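Right, one structure below, let's go through it.
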Amino acid sequence: MTALKLLSRTKLYWGLIAIFLIGVLGSPMSSKGNNIFLSYGNLLDVLRQVSTTGLIATGMTAVIITGGIDLSVGSLMAICSVVCAMLLTVPGVTPGVVLGVPTVALVALCLGFVVTRFIFQNLAKSRAGADLLREIKLDGIRGLVTPAAVGVVLCCLSLWFLLPQIEPKFGVLGVLLVAPCVGLLFGALNGFIIVAGRLQPFIVTLAMMVTALGIARLTAGQNNAVLPVYTGSNATADFEILRSLVFGIIPMPGLFFLGAILIYGAVLRFTPFGRYVYAIGGNEEAARLSGIAAGRVKIATYAVSGLLAGIAAVLYVAQYRQGKPDAGAGLELDAIAAVVIGGTSLMGGRGSLTGTFCGVLIFGLLSNILQLHNINSNLQLVLKGMIIIGTVLVQERNAGDLLAYLRLPGGQSAHKETAAAKRPSQETPSLNLGGNKK
């Protein structure tokens, strides 16, 4: 029984190992007799290709754990790619500058205010020995004046850094600051509308997806379906660093992806914010009654999702040497699929970034295997869809229900076990602040 539980808990890793072994055993050989799938260049290409989807999926994971969904990330990436390409290639005041620079100033002002106030709040709580969930009222100096002053200082510093780059064209650090801030602002707007308007995340982010696509096209201009970026020609040569190999080992996009997974994973696992995310997904009303600022936490998750979409956009421009209004078309579906394959429940309250990392790799390796065998692209979509459905049935333990419904052998016993597992406990329910729902 212990072995079966261990197998059940590690089934995602076994799935990743199985996909990898299928790739190794079924790989075509090169003219020199080498295994193409196992070649260092092919594996680097897989990591490079999954990095954009992986960054989007990283932010999507926390959103889904709270019980939400973000359909706008593809369009947000498109906006940020257009802004990034325009800042790199077109000097002077452009629509990209008009959209990007004020956004950075606003984000700096708000972040300075919120972070400073948050620090003062926690210092006051620690001194008073108060419960971390209870709000403490600050005086005017610590609650308003000092946070506002810090925000203004950060706003001025960001403008001091960005304004001199408008005329000659922006550099690498400039676009790495502007594009993620644009994504963060739109993501925070998603969260604010969902919380303040008490609307379904599906509807709000769907509306934002359409709106952001229109803004991306307006920013690019009707005659600029694609904004080409040639490092060393119409853009700074330093931008090439974002598509290089770090120490000749790992591609730069892969480093961004791994860094995001590790940092955000640590935040979700070891900080109160992470516990609040899981608590909200498990039972939002109970979390709110326990004193958790559920609205603020949800806004933060959508803001981080937009931020990572902005970083993915910069890496997209570096990899494909272009920015365009439809750069992220369909990317939100790939990200959601990777998150679900990784074991995160669409009902909220359960999931992890370790699972998402495995899900992204499974999705990337599967695509690579199909491409190596020259499988028709339409058939690839069919196979991917079938694999996603099968994986979700296994993750949610509903395969037995399906077999029983179809009256297939083995379905009856599995159906009974699933029903027993789903039978409500007689114990009094309690709020889970430490991780996954049980």
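If packing is taken as the mean number of other Cβ atoms within 10 Å per residue, what is the order of 50-59, 240-249, 373-382, highest first?
Output ranking for 50-59, 240-249, 373-382: 50-59, 240-249, 373-382.
Which order, highest average first, do 184-191, 302-309 follow once you tally other Cβ atoms within 10 Å for each residue and take the mean per peptide?
Ranking, from highest mean packing down: 302-309, 184-191.
Enumerate the amide H contacts of residue 322 below 5 Å, restricted to partners 5 or more residues apart or on another chain; note that Pro and chain-start residues carry no placed amide H.
Close amide H contacts, sequence-distant or interchain: 229.
Report the relative contact order of the range 208-321, percent, no decimals, based on alpha-carbon pairs under 8 angstrom and at least 6 residues apart.
Relative contact order here is 23 percent.
So, in nm, how far is label residue 371 from label residue 98 when the simple model puts each one 7 Å beyond its Cα toward the Cβ?
3.8
Tell me the Rg and the Dmax, in Å, that the Cα atoms of the range 1-121 produce.
Calculated on Cα positions, Rg and Dmax stand at 22.7, 68 Å.
Which order, highest average first, do 271-279, 338-346, 41-49 follow once you tally other Cβ atoms within 10 Å for each residue and take the mean per peptide?
Top of the packing list down: 338-346, 271-279, 41-49.
Could you work out how much longer the chain between residue 157 and residue 258 gets when fully extended? Use 0.36 nm per residue separation minus the Cα distance between them, nm to one decimal.
Value of the extension gain: 33.4 nm.
What FRET efficiency, computed as 1/(1 + (r/R0)^6) with R0 = 35 Å and r the Cβ-Cβ distance, is obtained for residue 290 and residue 393, rounded to the nearest 0.05?
For R0 = 35 Å, the calculated efficiency reads 0.55.
Rounded to whole Å and sorted largest first, list the principal axis extents of the Cα atoms in the range 58-177.
On the principal axes, the range 58-177 reaches 54, 36, 18 Å in Cα extent.
Hey, can you find the accessible area per residue of the range 321-397 for me, probe 1.4 Å, expressed in square angstrom?
Result: 43 Å² of accessible area for each residue.
Tell me, what HN-Hα J-couplings in whole Hz come from the Karplus equation 6.51 cos²θ - 1.76 cosθ + 1.60 at θ = phi - 60° for each residue of the range 200-209, using x for Gly and Pro?
Using θ = phi - 60°, the values come out as 6, x, 4, 5, 5, 6, 5, 5, 5, 4 Hz.
Extension gain residue 354-residue 230, at 0.36 nm per residue separation less the Cα-Cα distance, in nm?
Taking residue 354 through residue 230 to full extension adds about 41.1 nm, to one decimal.
With the contact rule set at Cα under 8 Å and sequence spacing of 6 or more, what percent relative contact order holds for the range 111-259?
Averaging sequence separation for qualifying contacts and normalising by length gives 16 percent for the range 111-259.
Hey, any idea what Rg/Rh is for the range 147-248, computing Rh the Kirkwood way over Cα pairs?
Value, to two decimals: 1.05.
What list of ³J(HN,Hα) couplings, whole Hz, do you get for the range 29-38 from phi and the Karplus terms 6.51, -1.76, 1.60, once you set θ to phi - 60° and write x for glycine and proline?
In residue order, the calculated couplings are 9, 6, 4, 8, x, 8, 6, 5, 4, 7 Hz.
Contour minus end-to-end for residue 244 and residue 30, with contour as 0.36 nm per residue of separation and end-to-end as the Cα-Cα distance?
74.5 nm is the gain from fully extending residue 244 to residue 30.
Using the Karplus equation 6.51 cos²θ - 1.76 cosθ + 1.60 (θ = phi - 60°), what ³J(HN,Hα) coupling, rounded to whole Hz, does each residue of the range 93-107 give in order, writing x for Gly and Pro?
For the range 93-107, the Karplus-derived couplings read 7, 10, x, x, 5, 4, 7, x, 5, x, 4, 4, 4, 5, 5 Hz, x marking Gly and Pro.
In Å², and per residue, what accessible area does the range 202-258 have when probed at 1.4 Å with the other protein chains present?
Value for the range 202-258: 56 Å² per residue.
How big is the gap, in Å, between the Cα center of the range 303-366 and the Cα center of the range 55-93?
10
Taking H placed 1.01 Å from N in the peptide plane, check which residues at least 5 places from residue 235 or on another chain put their amide H under 5 Å from its amide H.
Residues meeting the criterion, in which the H sits 1.01 Å from N, are 230.
The values are calculated or read from the model by the stated rules, or taken from the named source; none is laboratory data. All figures in this text were calculated on a predicted structure; none of them were measured in a lab. Cβ sites come from the backbone with ideal geometry, for glycine too, and all protein chains shown count toward neighbours. Surface areas here come from the heavy atoms of the whole protein model, side chains and all, with no ligands, DNA or RNA. Shrake-Rupley method; radii C 1.70, N 1.55, O 1.52, S 1.80 Å.
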